[in-house]
Amino acid sequence: MSETYTTPGLQPERAGANLPELTVSEISGAIKRTLESAFDRVRVRGEISGFKRAASGHCYMALKDERAVLDGVCWRGTAQRLSIQPEDGLEVIATGRITSYAGRSKYQMVIDSLELAGEGALLKLLEERKRKLGAEGLFAPERKRALPFLPEVIGVVTSPSGAVIRDILHRLAERFPRRVLVWPVLVQGQGAAEQVAEAIRGFNALPAKGPVPRPDLLIVARGGGSLEDLWAFNEEMVVRAAAESAIPLISAVGHETDTTLIDFASDRRAPTPTAAAEIAVPVRSELQSQVLDFERRLLGSSVRQLAERRNQVEGLARGLPDPQRLLQEKTQSLDDRSERLQLAGRSFLDRRGAELESLGHRLPHPRQQLRYAQQALDGARDRLSPAMQRLVTQRRQLVERLRPLPPRRELAHAVQTLATCGERLEPAMRRVLTARKDTLDASKRLLETLSYKGTLERGYAVVRGPQGLQPRAKDVRKGDELRIEFFDGAVTALASGGREASSAAAKPATPPQPHGPAPKQGKLL
């Protein structure tokens, strides 16, 4: 069965681009297999509606309740064995499996048996009890324990007089004989539930090492019967005892179509008591055959491994030289080196002895040499002691000053110095710029204060003559061309008064005559 996964952020067309393409038959077959595996065995209660019997003998109907309708079919061979004849309006309990009919794209129930829903009160109580115990987790799959592969002792809780115990013992003897402990109980009627629960707890209470061995596996068994006959195994005390059992438990109550609450609480459900015996132990002959096969394979594998290792060792041995010959060669080499070492030692000692003897004749006595050296040392010490101390002190100070720091420390110090200078540079620049700006503003204000422009704005004028600025009237001569500068501009005028020129050479040139009438000359001062 395929499933569609949509990736967030993708369009549906692009998200399904990698899905495999299925034909209608393939998807219908996948749905059919899913339904049949998930609902292999179901019991459905409902009212029969639209019943009809086809010419082939098959029966078609619908089971409905207040909210839903379920189509059903009963094949001809099964329909002939039904205990009741189906008809419209009849409330029944149908047992079968869920499947699908691809021809009409619908699911349906294949009915194996029908029974009247006359035990409605019991069924309702059973369903309520099942929901209650299931909510407590007594039917949870994680509570179920694995069965032992080959139990030594098997405990059976059943009636000692029925055919169930004989079937179990016969089947165990055929497959793998084991020691069986039977706890006789009532399997129906008054007090049956109490005895079954007491038997399960009694087996669990047995000590591991005692006069009565503690079972490794329990089987709770009973033959088939009606709902009322099997009701003892639907009691809450039996279900709780089965769920609390520390010993793995197999329930084998009724026939294959019978279901009780102990089946849900047990570690394994067997369709029949005989099947419980088959589940409990393996077949001895098959185990023996399997063990013999394992033994044969183990021996063959061991022989092959030994042969392979022997061949490897022999191959490696052929590539190695003879150890005894190697030892003899090394022994001979050791003897030769030992002899040469002795001769070399003697020769070395002889040479050194001769050298010492020749030196002893030429050298003065050691005591005399020590005395000469002591005198020379005392003299040098007297001469050099003060100077040496000063020199040592100076050198130590110089070394301390010139001792280089490690590169990493120098780099870290430089980085720290640079960061400090950068931090100090920005405030200093702001202070310098602020001071320069204040100085410039003060100079500007002083310039504006001392400038003559302000004086001109108050009504004064600047007079310039041929010799430049004319601050005094006595320096102005008659006929001089004067330039008078006001606040908003300058005008030209001729001096009508003032002192005369001293010579003809000083007489000013005749001014050019303007075209048109001469402008009216105002007063200068």
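The values are calculated or read from the model by the stated rules, or taken from the named source; none is laboratory data. This structure is a prediction, so every number in the text was calculated from the model and none was measured. Note that we place each Cβ from the backbone using ideal geometry, even for glycine, and neighbour counts take in every protein chain shown.
Report, by residue number, each residue of region 51-70 that is of a type outside the set (D, E, K, R), surrounded by 10 or more Cβ atoms within 10 Å (Cβ to Cβ) and farther than 19 Å from S100 by Cβ.
In the first step, residues of region 51-70 are kept if they are of a type outside the set (D, E, K, R); the result is 51, 54-63, 68-70.
From what's left, surrounded by 10 or more Cβ atoms within 10 Å (Cβ to Cβ): 51, 54, 57-63, 69-70.
Scanning region 51-70 gives F51, A54, G57.
For A193, work out the one condition from (1) surrounded by 19 or more Cβ atoms within 10 Å (Cβ to Cβ); (2) free of Cβ contacts under 8 Å to residues at least 12 places away in the same chain it doesn't fulfil.
(2)
Using beta carbons and a limit of 9 Å, which pairs, at least six apart or on different chains, have the first residue in region 43-66 and closer than 25 Å to L123 by Cα and without any contact (Cβ under 8 Å) to a residue 24 or more places away in the chain and the second one of a type in the set (S, T, Y) and surrounded by 13 or more Cβ atoms within 10 Å (Cβ to Cβ)?
A62/S49; K64/S49
Can you tell me how many residues within region 144-160 are among the small types (G, A, S) and either within 49 Å of the chain's Cα centre (by Cα) or more than 15 Å from E198 (Cβ to Cβ) (or both)? I'd like the intermediate steps shown before the answer.
Restricting attention to region 144-160, the residues satisfying the condition of being among the small types (G, A, S) are 146, 155, 159.
Going one step further and asking which of them are either within 49 Å of the chain's Cα centre (by Cα) or more than 15 Å from E198 (Cβ to Cβ) (or both), we end up with 146, 155.
Here the count works out to 2.
Hand me the list of helices (runs of 4 or more DSSP H) wholly inside region 1-79 holding 2 or more residues that are modelled with pLDDT of 85 or more.
Numbers: elements: 12-15, 24-38, 76-79.
Ranges flagged: 24-38, 76-79.
Can you find a residue in region 278-299 that is within 30 Å of I111 (Cβ to Cβ) and among the aliphatic types (A, V, I, L, M)?
At the first step, the residues of region 278-299 found to be within 30 Å of I111 (Cβ to Cβ) are 278-279.
Those still in the list that are among the aliphatic types (A, V, I, L, M) too: 279.
Yes, region 278-299 contains a residue that is within 30 Å of I111 (Cβ to Cβ) and among the aliphatic types (A, V, I, L, M).
Taking region 114-149, which residues are at pLDDT below 90 and not charged (D, E, K, R)?
Once the filter is applied, which keeps residues that are at pLDDT below 90 and not charged (D, E, K, R), region 114-149 yields L114, L116, A117, G118, G120, A121, L122, L123, L125, L126.
Would you say R129 is more than 21 Å from E235 (Cα to Cα) and either of a type in the set (K, R) or touching an Asp or Glu at 6+ places or on another chain (Cβ under 6 Å) (or both)? It would help to see each step written out before you state the result.
On the way: more than 21 Å from E235 (Cα to Cα): no; either of a type in the set (K, R) or touching an Asp or Glu at 6+ places or on another chain (Cβ under 6 Å) (or both): yes.
Considered against the rule, which asks whether it is more than 21 Å from E235 (Cα to Cα) and either of a type in the set (K, R) or touching an Asp or Glu at 6+ places or on another chain (Cβ under 6 Å) (or both), R129 comes out as no.
From the list A221, A252, A243, exactly one residue is within 45 Å of the chain's Cα centre (by Cα) and of a type outside the set (D, E, K, R). Which is it? Talk me through it step by step, then tell me what you get.
Working: A221 fails: within 45 Å of the chain's Cα centre (by Cα); A252 fails: within 45 Å of the chain's Cα centre (by Cα).
Testing whether each residue is within 45 Å of the chain's Cα centre (by Cα) and of a type outside the set (D, E, K, R) leaves just A243.
Limited to region 268-311, what total is found for residues that are within 21 Å of F176 (Cα to Cα) and not polar (S, T, N, Q)?
The qualifying residues number 22.
Checking S338 against (1) in a loop (DSSP other than H, G, I, E, B); (2) at pLDDT 85 or above, which single condition isn't satisfied?
Single failed check for S338: (1).
For region 202-232, give me each residue that is under 26 Å from R131 (Cβ atoms) and either among the small types (G, A, S) or touching an Asp or Glu at 6+ places or on another chain (Cβ under 8 Å) (or both).
Within region 202-232, G224, G225, S226, L227, E228, L230, A232 meet the criteria.
Exactly one of these conditions fails for Y101: (1) modelled with pLDDT under 90; (2) out of contact with any Phe, Trp or Tyr (no Cβ under 8 Å at 6 or more places or on another chain); (3) of a type in the set (F, W, Y). Give me its number.
It fails just one condition, (2).
Can you tell which of A307, A317, A277 is in contact with a strand residue (DSSP E or B) (Cβ under 8 Å, 6 or more places away or on another chain) and either on the phi < 0 side of the Ramachandran plot or of a type in the set (D, E) (or both)?
Values: A307 fails: in contact with a strand residue (DSSP E or B) (Cβ under 8 Å, 6 or more places away or on another chain); A317 fails: in contact with a strand residue (DSSP E or B) (Cβ under 8 Å, 6 or more places away or on another chain).
A277 is the lone residue from the list that is in contact with a strand residue (DSSP E or B) (Cβ under 8 Å, 6 or more places away or on another chain) and either on the phi < 0 side of the Ramachandran plot or of a type in the set (D, E) (or both).
Starting from region 223-234, take each residue that is of a type in the set (F, W, Y) and list its partners that are assigned to a loop (DSSP other than H, G, I, E, B), counting only C-beta distances under 8 angstrom and pairs at least six apart or across chains.
Close Cβ pairs (under 8 Å, with a partner that is assigned to a loop (DSSP other than H, G, I, E, B)) amount to W231/Q188; F233/T260.
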